[in-house]
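For reference, the structure is listed below as structure tokens.
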Amino acid sequence: MNITTLLFMLFLMAGLLIYYLIPGRFQWECLLVLSAVFLCAADWRNLLYIAAVTGISFAAALRIEKQYSEESLPETGETSERRQIRKAEKAKRARKAKHAAVTAVVLLVLILVFSKYVPEALGLDLSKVNKALQERWLLLKLITPFGLSYYLLMAISYVLDVYWKRDRAEHNFLHLCLFISYFPLLTQGPISRYSQLREEFFREHGSAYDNLKAGALLILWGFFKKMVIADRIGVFVRRGWSGRQYGLNVVICLIFYGIYLYGDFSGGIDVIRGISECFGVKVTENFRQPYFSKSLGEFWRRWHISLGAFMKDYVFFPLALWKPFKVLKKKTKKHMSSRAAGRVAAAVMDLIVFLIVGVWHGMGSQYAGWGLYNGVILAFSTLMEERYAVWKTSLHIEESSGRYQVFRLVRTLLIVTIGWVFDCKDSAREAIAMFFRAFLLGRTDLTRIFPETSEAAFYLPILFAACLILFWVDLQHEKGISLREKFAGQSYFRQVCVWTFLFQAILLFGRTVGAGGFMYANF
Amino acid sequence: MRISEIRKRDASGRSDTARRKASTGRGTFLQRNGAGRCVSLRKLKAPKSRAGKAAVLILINIAVMLISAYLLKQPSILETELHEVQGETNYDTIVVGDSHGETAVDPDVLDGKLGTTSFNCARRIMPVKDIYYLIREVSYRNDPKTILYELDPFYWTVPGISLGNDTSVFFAGTDPKNRMDYFLNEMLQQPFANVIADYRFAPRNAAQIPGTAWVKLQPAYLRHEDRSIPMIMKALYLGENYEYRGRGFRYGTTWSAALNRSYSYEKFRAKNVPESNLEYFHKMAEFCREKGVRLVCFYSALPPYRLRNENEYDAHDFFTRLCAEEGVEYYDMNYLKADLLPRTDYDYVDVDGHMLGELAERQTSVLAEILASDRPQMMFVDSYDEVLAGLPEFMGMPGIDPAPWEETESETEAQTETGAGPLEAETEPGPETGTGPLEAETEPGPETGMGPLEAETEPETEDMGETRAGKTG
């Protein structure tokens, strides 16, 4: 069920009605049922995946917790022999816990690999495979599980959190099931932690009016970004990618793509957050004005925050504590200072993490290329950190000066925008070729993106105005102004004007050819 | 406080700026109350209850939507036609299809030859799904014996439905059950904005506002009378090259050079036909079988230029096979023996294939003979080579390249970039194309790629941009 459809809107309204009509203690069960209905609308077999993923995480977490709970505590006046036995027992239990965690994570990753990557790598046409399968076994059907990339990471984070004692194991299977299958998050995240959502799911959800008002405004703003900005600019982006572009055409396509992706992804996340807030469940933010970042590292801490945080907590840090990395650090220490050795290790980990992030998006070489591009730049800047400081001193550059900040902002924008080239092509080779064609300025032909039609002349100013609104809103947030709070303090009729403007703008301008669902729903 | 500022204050202590604001209301949202005094929105009393606040917000938005719909939603020719079809006369032969069918079959000629009572319900922007519901709609209070379906390959690659135009079966229809099914099966799956607001704010719609607003107030339109159709055509700028001749037939009057310049071509690829369209065609065949209706599919004859340059043979093979599978008659008028329907590119309003009235009458006459014949196959040639052999020499047309798609840059590039040889490129769309046929689909937009001249001077192009975005640009 695409969340832009009328069907979803009706489903949401019916769901909210039931949710606020039933007693508060049954609300989480209502969410669970709604999630099941949402998944069944795509294919009932999705429930099997949810059950499998929940089952694995649930069992693993309980087993891990059992190992920890059975650890005996040191006694006063303990003999050395007894202490040794206790330590050996503790080590054995730790091994068992580790074994449970590793088994669960491996199983979960295998589900992801076999459901998402293997069919992609083999180029399987699932509709044809299913046709053949169903001729023999009617109920057998291979599906691409809906939202698997997101809820699988959530399940992994839960198991590891229990293993690392950051969270306690859930003893109610259905509670965990709700966390894994919570329907707003299935479309495109954000990848949430159980420790964050547990409180949200099972607390009192306050007044329906306030929740609905806050949620609906966020939904409208999300759809504004998606339908009025992303879908509209997407028309030009698609036209740009539909043939071979040169010179400024490539530059414009990349800039437009950056806006398109931001509008689409952050708009989608706002819609999801809004839907969730309507149910009184606040989910984590996934974007924090990324285009105001002053370094690539900062950009990725502000863009798809939940994925970045997942990678940091569950890939980067474990890697840092991994033996081979410790060995690497030791060896490099022999040739350089301890700090420099740390940087080398961090640079290698950056590279690996971004490669994993790239591959998480898909199997194509363009994804790996995108990961490597970002990883290499980050690794390089980590390695060069000391040298940069020296250069800045010798060039008398003041870190806090406005000009330098603007330079950093533009530099980051440039690096990020160039990186989008990997998103826009079907292989890394094509992307690189496209990048080099940007230098053939003489072959620029803007009519290939902006046809000389009255339609283009009509829509470009609308698009520009919508982008200005987006920029203004982001700027306010960057300044630390909460527009939602400010908005809530406005007079009723001013609020009505804003609501009406957003809603009518979506109806009037949010209609474009080729517009579909959210891009990140495909991952 | 400076002296100059104190002087500027009046007796009540208000500054100049404050007085100006009070008198003009500048800086606030203004409205005039009944007595003609200015009041600001800030002073308007908000409803006290939460339900009241929500209700006012909803009512304001509904009012804006109604006004927008009145001004921007195109008046519907299909709605008027469907009311006529459901009227007292029983039409035993109904033509369905898209704009090609609308301009290609003259009910008068058909009736003259076959003694039938026919009606042409073909309209622009008719994806396959809509055709199914249209067939159900025309069978509501009517008892058709034959349904002639002009199937245009372009719409077969469109998975969507018609929304935002004047041809939505839901908004134009009269059969409650059919409309409900259409809503449940199709409209629910559409973006919510497109369904709840069946209008769009585009340059063409903005330009049509005066005509649209005027037509919607006409008693003839409100009563769904036949004579309102020419008014609607004029309001939608469809009347430039056509005349309305009654019973749904749009008679092409003049050949248009400007329309040709905006024509571009989307290769027909069977693999781009969505599964859902095949299912709907199956439903159509089933429905007609159940009702005892003779379903006849035909492909209206295209201009020689298109036959020479496009892969119409692929479309022919695809539809011949499909119709055979469903047990439905299929006649590809492009494969008629040359002497049965001689024509040049100048027998059309445009190179896209909308016929001039004279050719439409001749084609209808041949179609009637086919329908009446026991051995219609005798009237057709077997191979595409024979089709090409029967075509006249290319006479040249302003704005038209003699062989435009043989070496277009984009196609060559697609092949080079994907590393696909010519054969692969023919069977597999290059990944670079990005826009599937459906992206060119039912909705217009800047992506129609119309040249400025066509868009501004040839209103029909705008319409066609809407209907055949992929083809017109």
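Readers should treat all values here as calculations from the given coordinates under stated rules, not as data from a laboratory. Not measured: the values here are computed from a predicted model. Heads up, the Cβs are rebuilt from the backbone with ideal geometry, glycines too, and the neighbour counts pull from every protein chain shown.
The table that follows gives values for the structure above.
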{"read-out": "Residue among A:Met336, A:Val359, A:Met384 farthest towards the positive dipole end of the stretch A:288-396, charges placed on Cβ", "value": "A:Met336"}
{"read-out": "A:Met363-A:Ser295 FRET efficiency (beta carbon distance; Förster radius 22 Å; 0.05 resolution)", "value": "0.15"}
{"read-out": "Whole-Å semi-axes of chain A's equivalent ellipsoid (Cα gyration tensor)", "value": "39, 33, 25"}
{"read-out": "Cβ-defined net charge surrounding A:Ala488, 15 Å radius [Lys, Arg +1; Asp, Glu -1]", "value": "+3"}
{"read-out": "Tail weight of P(r) past 35 Å, computed on alpha-carbon pairs of the stretch B:77-389, percent", "value": "15"}
{"read-out": "Between the stretch A:143-164 and the stretch A:238-265, the alpha-carbon center distance in angstrom", "value": "33"}
{"read-out": "Mean Cα-pair separation over length for chain A, i.e. relative contact order, pairs under 8 Å, 6 or more apart, %", "value": "17"}
{"read-out": "Pairwise FRET efficiency - B:Thr344 versus A:Ile432, Cβ, R0 = 51 Å, nearest 0.05", "value": "0.55"}
{"read-out": "Candidate lysines - alpha carbon under 24 Å from B:Lys216, same-chain residues fewer than 8 apart omitted", "value": "B:Lys73, B:Lys234"}
{"read-out": "Relative contact order %, the stretch A:288-396, counting alpha carbon pairs below 8 Å whose residues are six or more apart", "value": "20"}
{"read-out": "Semi-axis lengths (Å, descending) of the ellipsoid that matches the C-alpha gyration tensor of the stretch A:267-325", "value": "28, 17, 6"}
{"read-out": "Alpha carbon centroid spacing (whole Å) that separates the stretch A:63-117 from the stretch B:312-351", "value": "73"}
{"read-out": "In order through the stretch A:236-242: 3J(HN,Hα) via Karplus (6.51 cos²θ - 1.76 cosθ + 1.60), integer Hz, x for Gly, Pro", "value": "6, 5, 4, 5, x, 7, 6"}
{"read-out": "The stretch A:288-396: C-alpha gyration tensor shape, a/c 1.5 cut-off, then a/b vs b/c", "value": "oblate"}
{"read-out": "For the stretch B:272-285, Karplus couplings with θ = phi - 60° (6.51, -1.76, 1.60), whole Hz, Gly/Pro x", "value": "8, 6, x, 4, 4, 5, 5, 4, 5, 5, 4, 4, 4, 4"}
{"read-out": "Pairwise FRET efficiency - A:Thr447 versus A:Ala94, Cβ, R0 = 45 Å, nearest 0.05", "value": "0.10"}
{"read-out": "Per-residue Cβ neighbour rank within 10 angstrom, fewest leading, A:Phe202, B:Phe201, B:Phe154", "value": "A:Phe202, B:Phe201, B:Phe154"}
{"read-out": "Nearby lysines by direct alpha-carbon distance to A:Lys479 (threshold 26 angstrom, same-chain neighbours under 8 apart not counted)", "value": "A:Lys213, A:Lys225, A:Lys226, A:Lys282, A:Lys294"}
{"read-out": "Diffusion coefficient, µm² s⁻¹, Stokes-Einstein with Kirkwood Rh over alpha-carbon pairs of the stretch B:165-269 at 10 °C and 1.306 mPa s", "value": "96"}
{"read-out": "Helix-only mean residue ellipticity at 222 nm for chain A, each DSSP H run of n ≥ 4 adding -39500 (n - 2.57), per residue, nearest 500", "value": "-22500 deg cm²/dmol"}
{"read-out": "Cβ-based charge dipole, the stretch B:77-389, positive-most Cα from B:Tyr140, B:His316, B:Pro176", "value": "B:Pro176"}
{"read-out": "Spatially proximal lysines relative to B:Lys283 (Cα-Cα < 27 Å; intrachain offsets below 8 disregarded)", "value": "A:Lys128, A:Lys131, A:Lys141, B:Lys129, B:Lys145, B:Lys177, B:Lys267, B:Lys271, B:Lys291"}
{"read-out": "Inter-chain shielding of B:58-65 (mean C-beta neighbours from other protein chains, 10 Å cut-off)", "value": "3"}
{"read-out": "Residue (of B:Val95, B:Pro230, B:Pro219) at the positive-pole extreme of the stretch B:77-389, dipole from beta-carbon charges", "value": "B:Pro219"}
{"read-out": "Measure of compaction for the stretch A:83-194 (Cα Rg per 2.2 N^0.38 Å)", "value": "1.40"}
{"read-out": "Rg followed by Dmax, in Å, when the stretch A:228-318 is reduced to its Cα trace", "value": "16.1, 49"}
{"read-out": "Counted charge near A:Val162, where neighbours are those whose Cβ lies closer than 13 Å (Asp, Glu -1; Lys, Arg +1)", "value": "+4"}
{"read-out": "The stretch A:150-243: mean projected area of Cα convex hull, nm²", "value": "8.8"}
{"read-out": "Relative contact order %, the stretch B:77-389, counting alpha carbon pairs below 8 Å whose residues are six or more apart", "value": "23"}
{"read-out": "Positive minus negative residues near A:Glu386 (Lys, Arg vs Asp, Glu; Cβ under 12 Å)", "value": "+3"}
